[in-house]
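One structure is given here, and the rest of the page talks about it.
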Ligand SMILES: Cc1ncc(COP(=O)(O)O)c(C=O)c1O
């Protein structure tokens, strides 16, 4: 073989039987083959074999199986981002003439998808306040309502809906439940009879702020119903990202615990400051959502929001004065972030809708990282000193 050919047909290295790598290999290959066409059509090849990585890939499959198990379900589809996971369920489950119920207390691009983009396909929506129990009952009872998409805790104000009540009501009316479980994490809320969980794996899953990913999780039947669209739509997770996410998940529980501990300490600190009017973190014993959250979740995650007794200029000055908290709109990675909520998380809401969702000019969201909490508290302290004297 000429060397020009050799570089594209490289030597194969195989391991002796019983010689097992402790960390699974990463399958970067887009294509998989068999020695004969006949072999590629065999029962085992059809059931467990791989062909093309947009359809399925062993490394991505490993991640899907792990994510499904953490969420107490049978199966999952890994996709390229959290938004792709939301779109996969929306397009997979809704058709023209159907209605979806969403909430003002939802991640902004999700509202944009439902309010601006779905109507192009003839799919109607109702947007309610997450605490509007009467509205929820009314909308679920409509014949055309087919799906509800909600978060717990909600982004960014950390409200906690009663998931069991939501599910019971949805089931009574034949409404498919989709829980964006990004904030609570893969280990939470598996005990509820939710139809589909969606996650941005960009956050706690990957955990290091260097990968984008998403996951749809459900029963085998529900996931099988989406698989064809997922493969055809092509928003597949890249195997390199799958590997990095698998690696990130090795420290998932340690990280989530530390995010939660740091966030609680910061929420307690902020609660005691005169410059702070209100702290929204369900881990705080005096938070109105605490009792319900404590029943539904084991820990409360790394995100909290609070209102300063300040105008917009002072609020921005406070955010700019923080040194360890980078001003950016994400969460669930090792480093702490801060964002002005009305600007970063509520840009699409009318003034009335934002007020209804409890968002003010002075609302600040922290996505607390895993740094030493003393340094984070020190950073907040110096920013308070700088802006409020
Ligand atoms: C609750 C929630 N859902 C979905 C997403 C979208 O995730 P991605 O950025 O991976 O598309 C985010 C991103 O911040 C989020 O906070």
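Each reported figure results from applying straightforward, stated rules to the coordinates on display, with no laboratory input. This structure is a prediction, so every number in the text was calculated from the model and none was measured. Every residue, glycine as well, gets a Cβ built from its backbone with ideal geometry; the counts of neighbours run over all protein chains shown.
Mind pulling the angle between the C-alpha long axis of helix 252-271 and the longest principal axis of the chain? Nearest 10 degrees, somewhere in 0 to 90.
10 degrees
Tell me what the chain gives for mean residue ellipticity at 222 nm when only DSSP H runs of n ≥ 4 count, each as -39,500 (n - 2.57), the sum divided by the residue total, rounded to 500 deg cm²/dmol.
Computed ellipticity for the chain at 222 nm equals -11000 deg cm²/dmol.
Starting from the Cα of residue 45, move 7 Å in the Cα-to-Cβ direction to define the label point; list residues of segment 1-35 whose amide nitrogen is under 11 Å from there.
33-35
For residue 7 and residue 343 in the same chain, what is the full-extension length gain: residue separation times 0.36 nm, less their Cα-Cα distance, in nm?
On the way: separation 336, 0.36 × 336 = 120.96 nm, distance 5.20 nm.
So the chain would gain 115.8 nm between residue 7 and residue 343.
Pop the C-beta distance of residue 191 and residue 229 into the FRET formula with R0 = 35 Å and round what comes out to the nearest 0.05.
That gives a FRET efficiency of 0.80.
Roughly how tilted is helix 239-249, in degrees to the nearest 10 and between 0 and 90, from the longest Cα axis of the chain?
50 degrees
Viscosity 1.306 mPa s, temperature 10 °C: what is the translational diffusion coefficient of segment 37-249 from Stokes-Einstein with a Kirkwood Rh over Cα pairs, rounded to a whole number of µm²/s?
Using the Kirkwood radius from Cα pairs, D works out to 90 µm²/s.
Separation between the residue 312 and residue 219 pseudo-spin-labels, each 7 Å from Cα along Cα→Cβ, expressed in nm?
Output for this residue pair reads 5.0 nm.
Under the Kirkwood approximation applied to all pairs of distinct alpha-carbon atoms, what is the hydrodynamic radius of segment 252-388 in Å?
One over the average 1/r among Cα pairs gives 15.1 Å for segment 252-388.
Taking the chain as the reference, fit the longest principal axis to its C-alpha atoms, fit the long axis of helix 58-70 to the helix C-alpha atoms, and give the angle between the two in degrees, 0 to 90, nearest 10.
So the inclination is approximately 40 degrees.
Give me the percent of Cα-Cα pairs in the chain that sit more than 42 Å apart, rounded to a whole number.
That fraction is 18 percent.
Could you put 189, 173 in order, starting from the residue whose Cβ has the fewest other Cβ atoms within 10 Å? Present the calculation step by step, with values, prior to reporting the outcome.
Numbers: 189 18, 173 15.
Lowest to highest Cβ neighbour count: 173, 189.
Got a sec? Which residues in segment 64-94 would a label at residue 251 touch, if it sits 7 Å along Cα→Cβ and we count backbone N under 20 Å?
67
Any idea how far the Cα center of segment 224-267 sits from the one of segment 87-109, in Å?
22 Å
Distance from the Cα centre of segment 309-357 to that of segment 141-213, in angstrom?
23 Å
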